[in-house]
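The values are calculated or read from the model by the stated rules, or taken from the named source; none is laboratory data. The shown structure was predicted, so the numbers you read here are calculated from the model rather than taken from an experiment. All Cβ positions, glycine included, derive from the backbone under ideal geometry; neighbour counts span all protein chains shown. Keep in mind that these areas ignore ligands, DNA and RNA; they rest on the heavy atoms of the full protein, side chains included. Shrake-Rupley method; radii C 1.70, N 1.55, O 1.52, S 1.80 Å.
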Amino acid sequence: IRESVVNITTQALNPTRRRLAEGQGSGVIVSDDGYILTNYHVIEDAENCLVTLHNNRQLPAVLIGADASTDIAVLKINHLMLHSATWGNSGDLAAGDPVWAIGSPHGLENSVSFGIVSATSRDGIGRGGYDDLLQTDAALNPGNSGGPLVNAKGHLIGINMAIVGPSHRGISFAIPSNKARVIYEKIKARGGVERGWLG
């Protein structure tokens, strides 16, 4: 799984200072032809995205599409012989199951933290009302956003998304893989997600 985890560096124009501001996060390769899943807030307002692979090779990434409501974004890189993650079934998770979070906290690439699933179907935490998140006590820090949460088999069962408070306090949240996969497929096919509403 660690060969499918990438570091994402972004550059965004800061209108007040009129210069580029850098940001960083994590992502996970979900197809052998270069599609990468990450958080929308990692690439939000980015002018440029640079992906660093596990072997330290850096490649420019193109934004395929994003869904702010679920905090999912899909990037694409052009590279051969990529190692993609294996999708897991987040619906099989229960409180107490062991999980591992992989990413680049504070820019420290391919860091691994361990914890358990604290709760499933947690609401009131995410953006835009589309919550249904996994809660875990695996340590997440700035830079972990967009990286994979995996089970004991190394299968992708979540996309790390948020922490409570300004630093790790034992309460972290991830987008379940079953939801992330549906959003990924829609973005890959259409460049975005369409929803019906009444009003």
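Say we look at segment 67-80 and pick out the residues that are at pLDDT below 95 and of a type in the set (A, V, I, L, M, F, W, C); which of these is farthest from Asp32 (Cα to Cα)? Among those residues, the one meeting the criterion is Ala68.
Do the conditions hold for Ala85, that is, is it buried (at least 20 other Cβ atoms within 10 Å of the Cβ) and either under 15 Å from the mean Cα position of the chain (by Cα) or assigned to a loop (DSSP other than H, G, I, E, B) (or both)? For Ala85, the condition - buried (at least 20 other Cβ atoms within 10 Å of the Cβ) and either under 15 Å from the mean Cα position of the chain (by Cα) or assigned to a loop (DSSP other than H, G, I, E, B) (or both) - is met. Those residues that are modelled with pLDDT of 95 or more and over 14 Å from the mean Cα position of the chain (by Cα), I need them from segment 39-48; list them, please. Those that are modelled with pLDDT of 95 or more and over 14 Å from the mean Cα position of the chain (by Cα): none in segment 39-48. Please go through segment 101-118 and give me each residue that is under 21 Å from Asn55 (Cα atoms), without any contact (Cβ under 8 Å) to a residue 60 or more places away in the chain and open to solvent by 50 Å² or more (accessible area, probe 1.4 Å), ordered by number. Hits for segment 101-118 are His106, Leu108. Against the conditions (1) touching a residue at least 60 places away in the same chain (Cβ under 8 Å); (2) touching a Cys at 6+ places or on another chain (Cβ under 9 Å), Ala68 satisfies every one except (2).
Considering segment 88-98, the residues that are surrounded by 15 or more Cβ atoms within 10 Å (Cβ to Cβ) and in contact (Cβ under 8 Å) with a residue 60 or more places away in the chain include one that is nearest to Gly154 (Cα to Cα), namely Gly88. When the test is whether a residue is among the aliphatic types (A, V, I, L, M) and open to solvent by less than 20 Å² (accessible area, probe 1.4 Å), Ala68 does not pass it. Only a single criterion out of (1) under 25 Å from Thr9 (Cα atoms); (2) small (Gly, Ala, Ser); (3) outside any strand (DSSP E or B); (4) modelled with pLDDT of 95 or more is not satisfied by Ala101, namely (3).
The set of residues in segment 30-51 being open to solvent by less than 10 Å² (accessible area, probe 1.4 Å) and in a strand (DSSP E or B) consists of Ile36, Leu37, Thr38, Val51.
Scan His79, His54 and give me the residue that is part of a loop (DSSP other than H, G, I, E, B), within 18 Å of the chain's Cα centre (by Cα) and surrounded by fewer than 22 Cβ atoms within 10 Å (Cβ to Cβ). Talk me through it step by step, then tell me what you get.
Values: His79 fails: within 18 Å of the chain's Cα centre (by Cα).
Just a single option satisfies the conditions, and that option is His54.
What do you reckon, is Ala95 in a loop (DSSP other than H, G, I, E, B) and closer than 13 Å to Val28 by Cα?
no
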